[in-house]
Amino acid sequence: MQQIIRKAGPNKKLLLHVCCAPCATTALERLSEDFELVIDFYNPNIYSRDEYEKRGNELKKLVEQLGLKAQVIIEDYDHSEFLDYVSGFEGEPEGGLRCALCYNQRLKRAKERAEELGCDYYATTLTLSPLKNSQMINILGRDGKALYLPTDFKKRDGFLRSTELSKKYNLYRQDYCGCEFSRR
Ligand code: SF4
């Protein structure tokens, strides 16, 4: 990631797909100095609408508290998009095929948004969680007009840093990944 950032040079625009505010803390700290950021909250996997709104509002609160000038997009919520996408894989364990589909759906949209908004790069906060396979996520990220920036935000104590920053900014930290299957 650092090598790509060094090569990218100044004034580049990056769309950051964010899954939730706590996972965004480390990513924003590491990327905000090098990129003009567009922050995109697209997570149709989240059950329920109240939870979706709660996580989206936490993200807006975080960006405000950090004093970032970034554009924040909270996408419309439609949980059926996710249920259709993972249909037949509901019973998979966390980290299995259902999750691969879930990552893929969100990355695909992030890429489309990045291209639509004229971003040079896009990346995702999904690689922060120790429960998520960053290699798999980075393989699913596809280069298009906007280039995918491979990351592993959990590295260099990134997860620990996110817990510190979440505490500092008094962020809501959910106790399940997102979908009803993970809640169970
Ligand atoms: S457990 Fe998390 S990553 Fe897996 S499908 Fe559910 S919301 Fe998506």
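Tabulated values for the structure
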| item | result |
| --- | --- |
| Separation in nanometres of the label points that stand 7 Å from Cα toward Cβ, at Ser87 and Arg156 | 4.3 |
| Geometric extent, Cα atoms of the range 2-183 - Rg, Dmax (angstrom) | 15.2, 45 |
| Assigned charges on the beta-carbon of Lys, Arg, Asp, Glu; the range 2-183 dipole about Cα centre (debye) | 700 |
| For the range 66-86 versus the range 120-184, the gap between their alpha-carbon centres in whole angstrom | 14 |
| Cα-centre dipole for the range 113-183 with unit charges at Cβ (Lys and Arg positive, Asp and Glu negative), debye to 20 | 280 |
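No lab work stands behind these numbers, since they all come straight from the coordinates. Since the model is a prediction, treat every value here as computed from it, not as a measurement. When we count neighbours, we look across all protein chains shown, and the Cβ atoms used for this are built from the backbone with ideal geometry, even at glycine.
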